[in-house]
1. Do we find a residue being assigned to a helix (DSSP H, G or I) and at pLDDT 85 or above anywhere in the stretch 110-119?
2. Is it the case that the stretch 22-31 has a residue that's on the phi < 0 side of the Ramachandran plot and at pLDDT below 85?
3. Of all residues in the stretch 80-111, which are surrounded by fewer than 12 Cβ atoms within 10 Å (Cβ to Cβ) and not aliphatic (A, V, I, L, M)?
4. With the condition kept exactly as written, say whether any residue in the stretch 68-75 is more than 17 Å from residue 113 (Cα to Cα) and either at pLDDT below 80 or in a loop (DSSP other than H, G, I, E, B) (or both).
Amino acid sequence: MARTSIKHLIEKEGIASILFLVFCTALALTFTASVGTSNQAPSASHAVAPWIFGPIQILLLYIPPLIGALFFPIIIIAGLAGLPWLVNYLGERSGERIFSVFFCLVIVLLFWFMVQEVWWI
């Protein structure tokens, strides 16, 4: 009996996710995401995207290109792939603590780099 409710839940989530993707695609086709005109565009050494990837790009300004282009994405993907195994290995409470510590560390680092970027302007 539990399997039938999970099956219906999966079907409902699948339909909802497809509708959400259609909605997001319609919004993306409606609005433009321009960086600016040629006289307002930032220099090539300090060009940042106007959406949520700005803090990540600011973080990438301060690390060498090899680390930012190769090791940083590999570490992120390996960390996300290994998080469920780590939670199962250490237990649920320890996994929650580790996740919260890493989350707080990332937020603090992103905030620090953004403050450092604004401080020197």
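The values are calculated or read from the model by the stated rules, or taken from the named source; none is laboratory data. All values reported here derive from a predicted model rather than from experimental measurement. Here the Cβ is made from the backbone with ideal geometry for all residues, glycine too, and neighbour counts use every protein chain on show.
1. Filtering the stretch 110-119 for residues assigned to a helix (DSSP H, G or I) gives 110-119.
The next check asks that each one be at pLDDT 85 or above; those that pass are 111.
Yes.
2. Filtering the stretch 22-31 down to residues on the phi < 0 side of the Ramachandran plot leaves 22-31.
After this cut, where a residue has to be at pLDDT below 85 as well, the list is 31.
Yes, the stretch 22-31 contains at least one residue that is on the phi < 0 side of the Ramachandran plot and at pLDDT below 85.
3. Residues satisfying the conditions are 82, 84, 85, 88, 89, 91, 92, 93, 100, 103, 104, 111.
4. First, the residues of the stretch 68-75 that are more than 17 Å from residue 113 (Cα to Cα): 69-71, 73-75.
Then keep just the ones that are either at pLDDT below 80 or in a loop (DSSP other than H, G, I, E, B) (or both); that gives 69.
So far as the stretch 68-75 goes, yes, one or more of its residues are more than 17 Å from residue 113 (Cα to Cα) and either at pLDDT below 80 or in a loop (DSSP other than H, G, I, E, B) (or both).
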